[in-house]
Amino acid sequence: MHHKPIHADRLPALLRAMPKAELHMHIEGSLEPELMFALAKRNNVPLRFADEQALRDAYVFNNLQEFLDIYHAGTLVLKTEQDFYDMAGAYLTRAQADNVLNTEIFFDTQTHTGHGLDAATVVNGLHRACTDAPAKFGMTASLILCFLRHLSEDEAFECLEQVLPLRDKIVGIGLASSEVGHPPEKFAKVFARARELGFRLVAHAGEEAPPAYIWSALDVLKVERIDHGVQAIHDATLMQRLVQDRVPLTMCPLSNLKLCVFPTLAEHTIRRMLDAGIMATVNSDDPAYFGGYINENFTQTFAALGMTSQHAYQLARNSFDASFIDASTRSRYVERLDGVFETFL
Ligand code: ADE
Ligand code: ZN
């Protein structure tokens, strides 16, 4: 939809009101300190922080690994199916407030099976929240299981095996955790197997690691979307490939800021990539840790980069076009997006 630009004063309200999809959000990274303390109490799990504020004060990271260490510690409070249901319910409540109409939630089972939980406890709790989402929150929600790339491919196969009885509760497979030193091709065989099983495929690539990781996510793993992908800007041939094949990039500006991928939001490459024709989207990654949910990512990024209502429309439209939803749901959501833009004109 082409429209005349909406005045900058009304842009934050438009960014908040516009219907959108969230395609890159790790549910364990949505666990707010308040719920973490409540679950710690409910499950008798000790926390090494005195209170919520002391925990929040520890959220200062120099890189991805420093974040992953504290994120991992936070997952220890999750024990029961109800815990996973409650955590997902809290996220869906926030997502609804940000006018998210479709969310494709990342989760990992390996973190939790490593603590002695069953994969089914995790999947069933999260899936029940997704099933309730249309009636409770007026939105669609589905699940993408991420393998942890710092673990071996054999362990990823074991993880895949464990969720096969729950196959119908999971739409896709992804790849997360420590990127540098764990390239996509390490998981070539298990992604090929997931593909045969009919899973949609995505992978984190080019968050901290070089463009070669994006190439191998595309050409070896054959993923349909790249999570982050910000490092593609350093490879002109890759940029062309992403534009030509309309490969969606699920970008997370506040995450990149908090993990020092960019020194400031003003230096973020999302605007340049969008203007180059790349199918970028805006997402929150780990909103409890990075200072904001999806609308905060939109408003801060637009302010820092001087982006316009045309960019806003493109990003929201991309989020629906890149979603793993059926064609009729997609057109309903795009109609609602167009409707909101029309009321703002
Ligand atoms: N797990 C949670 N958030 C992540 C990120 N931004 N990169 C890799 N793994 C993650
Ligand atoms: Zn992520």
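The values are calculated or read from the model by the stated rules, or taken from the named source; none is laboratory data. Just so you know, these numbers come straight off a predicted model, no measurement behind them. So basically every Cβ, Gly included, is an ideal-geometry build from the backbone, and we count neighbours across all protein chains shown. All accessible areas refer to the heavy atoms of the entire protein, side chains included, with ligands and DNA or RNA removed. Shrake-Rupley method; radii C 1.70, N 1.55, O 1.52, S 1.80 Å.
Name the helices (runs of 4 or more DSSP H) wholly within the range 5-114 that hold at least 3 residues that are surrounded by fewer than 18 Cβ atoms within 10 Å (Cβ to Cβ)? Write out each step before concluding.
Values: elements: 11-17, 33-42, 52-57, 64-74, 81-97, 110-113.
Here the list reads 11-17, 33-42, 52-57, 64-74, 81-97.
Please specify each residue of the range 131-156 satisfying the condition of being open to solvent by less than 10 Å² (accessible area, probe 1.4 Å) and not in a loop (DSSP other than H, G, I, E, B). Spell out the reasoning first.
Residues of the range 131-156 open to solvent by less than 10 Å² (accessible area, probe 1.4 Å): 133, 139, 143-147, 149, 156.
Selection gives Ala133, Leu143, Ile144, Leu145, Cys146, Phe147, Ala156.
Results for (1) away from ligand 2 (no atom under 16 Å from the Cβ); (2) closer than 25 Å to Phe37 by Cβ, shown as yes or no for each residue.
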residue	(1), (2)
His72	no, yes
Lys79	yes, yes
Asp118	yes, yes
His127	yes, no
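Mind listing whichever residues of the range 258-287 are within 11 Å of ligand 1 (Cβ to nearest atom) and either open to solvent by 10 Å² or more (accessible area, probe 1.4 Å) or touching a Lys or Arg at 6+ places or on another chain (Cβ under 7 Å) (or both)? Spell out how you get there, then give the answer.
Taking the range 258-287 as the starting set, the residues that turn out to be within 11 Å of ligand 1 (Cβ to nearest atom) are 258-259, 261, 283-287.
Within the range 258-287, Lys258, Val261 meet the criteria.
Examine the range 206-215 for a residue that is among the small types (Gly, Ala, Ser) and either farther than 19 Å from Ala322 by Cα or in contact with an Asp or Glu (Cβ under 7 Å, 6 or more places away or on another chain) (or both), and state whether such a residue exists.
Going through the range 206-215, the residues among the small types (Gly, Ala, Ser) turn out to be 206, 209, 212.
From the residues that got through so far, the ones that are either farther than 19 Å from Ala322 by Cα or in contact with an Asp or Glu (Cβ under 7 Å, 6 or more places away or on another chain) (or both) too are 209, 212.
There is at least one residue in the range 206-215 that is among the small types (Gly, Ala, Ser) and either farther than 19 Å from Ala322 by Cα or in contact with an Asp or Glu (Cβ under 7 Å, 6 or more places away or on another chain) (or both).
Met307 is checked against (1) open to solvent by less than 20 Å² (accessible area, probe 1.4 Å); (2) free of Cβ contacts under 8 Å to residues at least 12 places away in the same chain and fails just one. What number does that condition carry?
(2)
Consider only pairs whose beta carbons are under 8 Å apart and that are at least six residues apart or on different chains; among these, list those whose first residue lies in the range 204-228 and is under 17 Å from Asn283 (Cβ atoms) and whose second residue is surrounded by 24 or more Cβ atoms within 10 Å (Cβ to Cβ) and of a type in the set (Phe, Trp, Tyr).
So the pair list comes out as Ala205/Tyr213; Gly206/Tyr213; Val223/Phe191.
Residues of the range 1-52 being closer than 21 Å to Val282 by Cα and within 16 Å of ligand 1 (Cβ to nearest atom), which ones?
Residues satisfying the conditions are Glu22, Leu23, His24, Met25, His26, Ile27, Glu28, Gly29, Ser30, Leu31, Glu32.
Which one is nearest to the chain's Cα centre (by Cα), of the residues in the range 290-304 that are crowded, with 23+ Cβ neighbours inside 10 Å and over 16 Å from Asp227 (Cβ atoms)? Before you say what the answer is, go through the steps one by one.
Start the filter on the range 290-304 by keeping residues that are crowded, with 23+ Cβ neighbours inside 10 Å, which leaves 290, 294, 297-298, 301-302.
Adding the requirement that they be over 16 Å from Asp227 (Cβ atoms) leaves 298, 301-302.
Numbers: Phe298: 14, Thr301: 17, Phe302: 19 Å.
My answer is Phe298.
Being within 15 Å of the chain's Cα centre (by Cα) and either more than 22 Å from His182 (Cβ to Cβ) or open to solvent by 10 Å² or more (accessible area, probe 1.4 Å) (or both) is the filter here; which residues of the range 224-257 pass it?
Selection gives Glu224, Pro248, Pro253, Leu254.
Assuming Asp285 fulfils every condition listed in (1) in contact with a Cys (Cβ under 6 Å, 6 or more places away or on another chain); (2) at pLDDT below 95 apart from one, which condition is it?
The single condition Asp285 does not satisfy is (2).
Do you know which residues across the range 17-50 are away from ligand 2 (no atom under 16 Å from the Cβ), within 22 Å of Glu104 (Cβ to Cβ) and of a type outside the set (A, V, I, L, M, F, W, C)?
Quick first cut of the range 17-50, residues away from ligand 2 (no atom under 16 Å from the Cβ) only: 17-20, 32-50.
Among the residues that remain, those that are also within 22 Å of Glu104 (Cβ to Cβ) are: 17-20, 32, 35.
Scanning the range 17-50 gives Pro19, Lys20, Glu32.
Taking the range 1-50, which residues are β-branched (Val, Ile, Thr) and touching a strand residue (DSSP E or B) at 6+ places or on another chain (Cβ under 6 Å)? Talk me through it step by step, then tell me what you get.
From the range 1-50, those β-branched (Val, Ile, Thr) are 6, 27, 45; that's our starting set.
Across the range 1-50, the qualifying residue is only Ile27.
Which residue is farthest from ligand 1 (Cβ to nearest atom), if the candidates are limited to the range 157-192 and must be open to solvent by less than 10 Å² (accessible area, probe 1.4 Å) and free of Cβ contacts under 8 Å to residues at least 40 places away in the same chain?
As a first pass, look at the range 157-192 and keep what is open to solvent by less than 10 Å² (accessible area, probe 1.4 Å): 159-160, 163, 170, 172-176, 179, 184, 187, 190-191.
Subsequent filtering for residues that are free of Cβ contacts under 8 Å to residues at least 40 places away in the same chain retains 160, 173, 184, 191.
Details: Leu160: 18, Ile173: 14, Pro184: 13, Phe191: 16 Å.
The extreme case among them is Leu160.
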